[in-house]
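Before any comments, here is the structure.
The values are calculated or read from the model by the stated rules, or taken from the named source; none is laboratory data. Quantities reported herein were computed from a predicted structural model and do not represent experimental measurements. Positions of Cβ are backbone-derived with ideal geometry, glycine not excepted, and every protein chain shown enters the neighbour counts.
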Amino acid sequence: MPGAFEGETVTRRNFMNLVAQGSGAVAAMAFTLPALGFALGPLFSREPFNWQPIGPPSDFTETTYVTKVITIVQGIGEAGNSIAYVRNRDPAIDTEPEDQYNHWVALSSRCMHLGCPVRFVAAAERFICPCHGGVYDFRGMVVGGPPVRPLDRFYTRYNQASGLVEIGPRYSVNFELQRFSPRDPGQPLNGIGQFLYPARFDTSILPKS
Ligand code: FES
């Protein structure tokens with residue numbers, strides 16, 4: 001090879017070029033990888049979830065919902081608060097399988113069309129969305145308007161030590177009330193919807209039933 005000693009396959013000039021380029025690449029990665037990790041890390045870190053007390057069991061009945069203010073985003077004051085509508089599970093109408101997390105039915109107030117807050121109208125036993133006329137029945141199932149799935153729900157449980165009902169992470173449901181990791185409003189979960197709108201990487205890992 002021109003410029004190489006007898007038996008050499010790489011010239012000294014090429015060797016020095018390779019060393020210089022390799023060093024440059026290592027130096028560039030030393031700058032860019034930490035920055036990339038800092039930028040993309042939050043996308044993959046799971047949101048923690050908390051169990052919040054919402055009152056003694058005597059606060060709730062099967063026949064109507066009690067409005068409870070809960071914190072859904074920690075550390076940002078009132079902006080992180082939301083409303084949950086809570087009642088006792090009623091086996092006569094709540095036909096989804098019972099487990100330790102649904103002795104109290106807790107519905108999110110966020111409409112599953114575009115996220116406006118819905119209001120429970122006790123006289124009609126309906127949840128009404130003021131934005132585009134979405135209507136949900138007593139169980140939070142869509143009965144009118146554009147919402148694409150039932151109202152989201154929250155895990156609930158009884159804390160023996162405190163004697164209080166606690167509310168946990170939010171989850172989404174399809175029309176059969178099967179549980180899914182929380183999705184955004186407007187994302188259907190029936191049929192191929194659950195595959196078209198997978199859960200975000202940062203959603204909590206939900207408790208197992
Ligand atoms: S946001 Fe509720 S119907 Fe549109």
Worksheet item: Taking the stated definitions as given, is Gly145 within 16 Å of the ligand (Cβ to nearest atom), under 19 Å from the mean Cα position of the chain (by Cα) and at positive phi?
Response: no
Practice prompt. Consider Cys111 carefully, then state whether it is touching a Gly at 6+ places or on another chain (Cβ under 6 Å) and either closer than 21 Å to Asn190 by Cα or within 11 Å of the ligand (Cβ to nearest atom) (or both).
Written response: yes
Worksheet item: Has region 90-106 got at least one residue that is surrounded by 13 or more Cβ atoms within 10 Å (Cβ to Cβ) and within 16 Å of the ligand (Cβ to nearest atom)?
Response: no
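Quick grid of which residues meet (1) more than 10 Å from the ligand (Cβ to nearest atom); (2) touching a residue at least 60 places away in the same chain (Cβ under 8 Å); (3) over 21 Å from Gly191 (Cβ atoms); (4) not basic (Lys, Arg):
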site	(1), (2), (3), (4)
Gly115	no, yes, yes, yes
Ala124	yes, no, yes, yes
Tyr136	no, no, no, yes
Gly140	yes, no, no, yes
Gly163	yes, yes, yes, yes
Worksheet entry | All strands (runs of 3 or more DSSP E) inside region 41-139 with 1 or more residues being more than 17 Å from Pro182 (Cα to Cα) and in contact with an Asp or Glu (Cβ under 8 Å, 6 or more places away or on another chain) | 52-55, 66-71, 81-88, 126-128
Item to complete: From Leu164, Leu196, Leu206, grab the single residue that is at pLDDT 95 or above, more than 13 Å from Tyr85 (Cα to Cα) and surrounded by fewer than 22 Cβ atoms within 10 Å (Cβ to Cβ).
Response: Leu164
Discussion item. With the requirement that a residue be touching a helix residue (DSSP H, G or I) at 6+ places or on another chain (Cβ under 7 Å) and touching a residue at least 12 places away in the same chain (Cβ under 8 Å), what does region 67-96 give you?
Written reply: Thr71, Ile72, Gln74
Discussion item. Looking at the structure I just gave you, is Cys129 free of Cβ contacts under 8 Å to residues at least 24 places away in the same chain and within 15 Å of the ligand (Cβ to nearest atom)?
Written reply: yes
Worksheet entry | Positions within region 164-187 being assigned to a loop (DSSP other than H, G, I, E, B) and in contact with a helix residue (DSSP H, G or I) (Cβ under 8 Å, 6 or more places away or on another chain), in sequence order | Asn174, Gln187
Fill in: Boolean, Pro188 is surrounded by 17 or more Cβ atoms within 10 Å (Cβ to Cβ), over 21 Å from Ser82 (Cβ atoms) and touching a residue at least 40 places away in the same chain (Cβ under 8 Å)
yes
